[in-house]
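One structure is given below, encoded as structure tokens.
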Amino acid sequence: MGQVVRQDVDELFVGQFEHALDAKGRIVLPASFRTSFDESGFLIKGPEGCLALLTPDRFRDIAQTMASRSEEGDVRHRSAKRSFGAGASRVLPDKQGRIAVPEDLRSFAHLERDCVIVGAIDEVEIWDRLRWQQITEVGDSLLESPDEFIDGEQP
């Protein structure tokens, strides 16, 4: 999938929260994130094996970009669009702020019980807790020299 560039970020998601999946495959969204998903949200397969929870506007932006690219005739773009749509799931938090995570997406992200919900600026990521511990070590090491990382220089 090509990178979608957004000029503005209407919703900022920050923070890290530990939650557990219940027996029905539901997870509680942090209270600070819930209002962004009042209408609905979209779960997709995210990078590095996590799930990404997108607002309807963010999902629409990505879907429209993919649809436009697929019309250009490249089979790779059509294939990516199909996989993106087929792998996505619309979710709506219940009164307790829980969303149901479909089995296929739980399997993709290896979510069994202990999870970490991460505010990743323009989206919410849901990680298996052990996998998050591995991934966060890499991110933390990049932030040890933030000027180099932000400027695009390699240490």
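What does the charge count around residue 25 come to, taking other residues whose C-beta lies under 12 Å from its C-beta (Lys +1, Arg +1, Asp -1, Glu -1)? Walk me through the numbers before you get to the answer.
On the way: positive: 24, 26, 98, 106, 113; negative: 22, 103, 104, 112.
Summing Lys/Arg as +1 and Asp/Glu as -1 gives +1.
Can you give the charge dipole size of segment 16-150 about its Cα centre, rounded to the nearest 20 debye, using +1 on the beta carbon of Lys and Arg and -1 on the beta carbon of Asp and Glu? Could you put the intermediate results ahead of the total?
Details: 18 positive and 24 negative charges, 164 e Å.
It comes to approximately 780 debye.
What FRET efficiency comes out for residue 60 versus residue 114 if R0 is 30 angstrom and r is the Cβ-Cβ distance? Round to the nearest 0.05.
Numbers: r = 32 Å, r/R0 = 1.06.
The computed FRET efficiency comes out at 0.40.
None of the figures in this text is laboratory data; all of them are computed from the coordinates on show. Quick caveat, the model's predicted, so the values are computed rather than measured. Counting neighbours? That spans all protein chains shown, and the Cβs are built from the backbone with ideal geometry, glycine included.
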